[in-house]
1. Of (1) among the hydrophobic types (A, V, I, L, M, F, W, C); (2) open to solvent by 10 Å² or more (accessible area, probe 1.4 Å); (3) in contact with a strand residue (DSSP E or B) (Cβ under 7 Å, 6 or more places away or on another chain), Leu403 satisfies all except one. Which?
2. Identify all residues within region 228-265 that are among the basic types (Lys, Arg), surrounded by 20 or more Cβ atoms within 10 Å (Cβ to Cβ) and within 11 Å of the ligand (Cβ to nearest atom); write none if there are none.
3. Output the residues belonging to region 278-298 that are at negative phi, in contact with a helix residue (DSSP H, G or I) (Cβ under 8 Å, 6 or more places away or on another chain) and open to solvent by 20 Å² or more (accessible area, probe 1.4 Å).
4. Restricting region 307-336 to residues that are more than 16 Å from the ligand (Cβ to nearest atom) and among the polar types (S, T, N, Q), which is most open to solvent (accessible area, probe 1.4 Å)?
5. Inspect all residues belonging to region 78-85 and state whether any of them is surrounded by 15 or more Cβ atoms within 10 Å (Cβ to Cβ) and of a type in the set (Ser, Thr, Tyr).
6. Out of everything in region 418-447 that is open to solvent by 80 Å² or more (accessible area, probe 1.4 Å) and more than 21 Å from Leu367 (Cβ to Cβ), what residue ends up being farthest from the chain's Cα centre (by Cα)?
7. Pairs please, first residue from region 290-304 and within 11 Å of Val402 (Cα to Cα), second anywhere and more than 9 Å from the ligand (Cβ to nearest atom) and of a type in the set (Asp, Glu), Cβ atoms under 6 Å, 6+ apart in sequence or on different chains.
8. Enumerate the pairs (first residue in region 221-234 and in the same structural domain as Ala265 (by TED's automatic domain parsing); second residue anywhere and among the polar types (S, T, N, Q) and away from the ligand (no atom under 14 Å from the Cβ)) with beta-carbon separation below 7 Å, excluding pairs fewer than 6 apart on the same chain, so at least 6 apart or on different chains.
Amino acid sequence: MNRRDLLQSGTLVLLLGKQHIARGATIVAVRVWPSKDYTRLTIESDGEIKARQFFIAEPPRLAVDIEGIDLIPALRELVAKVKSDDPNISGIRAGQNAPGVVRLVIDLKQPITPQVFTLPPVAAYQYRLVFDFYPVQVADPLETLIAERLADKSQTQPVPFSTSPPAPDPLGELITRQSGKPATSNAAAAPPPAQNKTAAVKPPPETLVPTAGKTDRLIIVALDPGHGGEDPGAVGPGGTREKDVVLQIALRLRDRINQQPNMRAYLTRDADFFVPLHIRVQKARKVSADLFISIHADAFFTDRPQGASVFALSDKGASSSAARWMADKENSADLVGGVNVKAKDAQVQKALLDMSTTAQINDSLKLGSAMLGEIGAVGKLHKPRVEQAGFAVLKAPDIPSVLVETAFISNPDEEAKLRGEAYQVQLSDAIMRGVQRYFARNPPLARNRPL
Ligand SMILES: [Zn+2]
């Protein structure tokens, strides 16, 4: 029986004594992950720490008493980690409230629903105390997407995909915007709120551009860069983090998709923060995405394996033991990234996502094959066929969903390729061609949507 079980079994807690529960923990790191979705604050320690929090409405702030620690430089440094452009919190103050009790006061920029939970040691992490600050008022993502689309159309002419890549690399700017800053790219592209609302309600008819397909509505492609925030994903021998390169590839792919007259990309994350697996699916469903493409980079214990692979969901076991291993590895992202398992929403969503359908899997296999053909033309393939396993992130019952392992980040040559612009461009072009090839054969159905 471990210490956690003892504490939960009630009567035994008295036998342990307070000093055993809390005393002696040392803070080893504090991290802040700002984003539009939520801001996360993580306090990592070498033992379990206890916290009590209370909300103060005017001005809005959360006070947290952490027991069993003294004010140390790491906590004082925390104060400096909050940037002024954090969408949710404006600052943190730390002080010694009583011997062995540190009080943090987190000043909030807007009404927030906080979630506080602990995570047991996993991967490279020791004990984590996590504070998630969710804004109470959230913009409708579909409305935002359509408003962005309309704003883009009024500024730029659509560029056909088949022309050469755009001259100035827009990713340079995107990466600058994303580094060390909150996820503002969607917000930056959107018009001010008032205009936003009008635009979404009354789309001007001339913005509907029919194309070769059989539908003239806007096609929404959900792009899902794996990992993020607390979860770096796989790390290459040269230190390249999966979460960074897959975001760069997703941003490049986003640009290609948005250049299409009838397509719009929606990113489940557009900056460095963690999104739980079921939330990624939920986000794609909220915007009624037509496709879901999760982007990852493989890793293995040895540096030899190489090449890209494409995965779809399976409803009857994995297509190979390697595919099952890969799904288990990707599904463990929630443990590393950190999910509040007690949140009601998480349980409801997980239950909903267990209704996989044969139709979804068939469409996903078609999409995967189209992509694999195109990726194979620009780089090595690890497996020539679409593999299947129980990836949690591919479980939207109504959206064809694939997971692309872009290359092996554990292979030094492929790690170098993943970091470089050339392969990122080739790969995003190839995925784009795969999407187009899929839609050419499987035109999207008409939908009751404003655009
Ligand atoms: Zn991954």
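The values are calculated or read from the model by the stated rules, or taken from the named source; none is laboratory data. Owing to the predicted nature of the structure, the values given are computational and were not obtained by experimental measurement. Heads up, the Cβs are rebuilt from the backbone with ideal geometry, glycines too, and the neighbour counts pull from every protein chain shown. Surface accessibility is based on the protein's heavy atoms, side chains included, excluding ligands, DNA and RNA. Shrake-Rupley method; radii C 1.70, N 1.55, O 1.52, S 1.80 Å.
1. (2)
2. The one that is among the basic types (Lys, Arg), surrounded by 20 or more Cβ atoms within 10 Å (Cβ to Cβ) and within 11 Å of the ligand (Cβ to nearest atom): Lys243.
3. Ile279, Gln282, Lys283, Lys286, listed by residue number.
4. Ser321
5. no
6. Out of the qualifying residues, it is Glu421.
7. Ser294/Asp224
8. Qualifying pairs under 7 Å: Glu230/Thr42.
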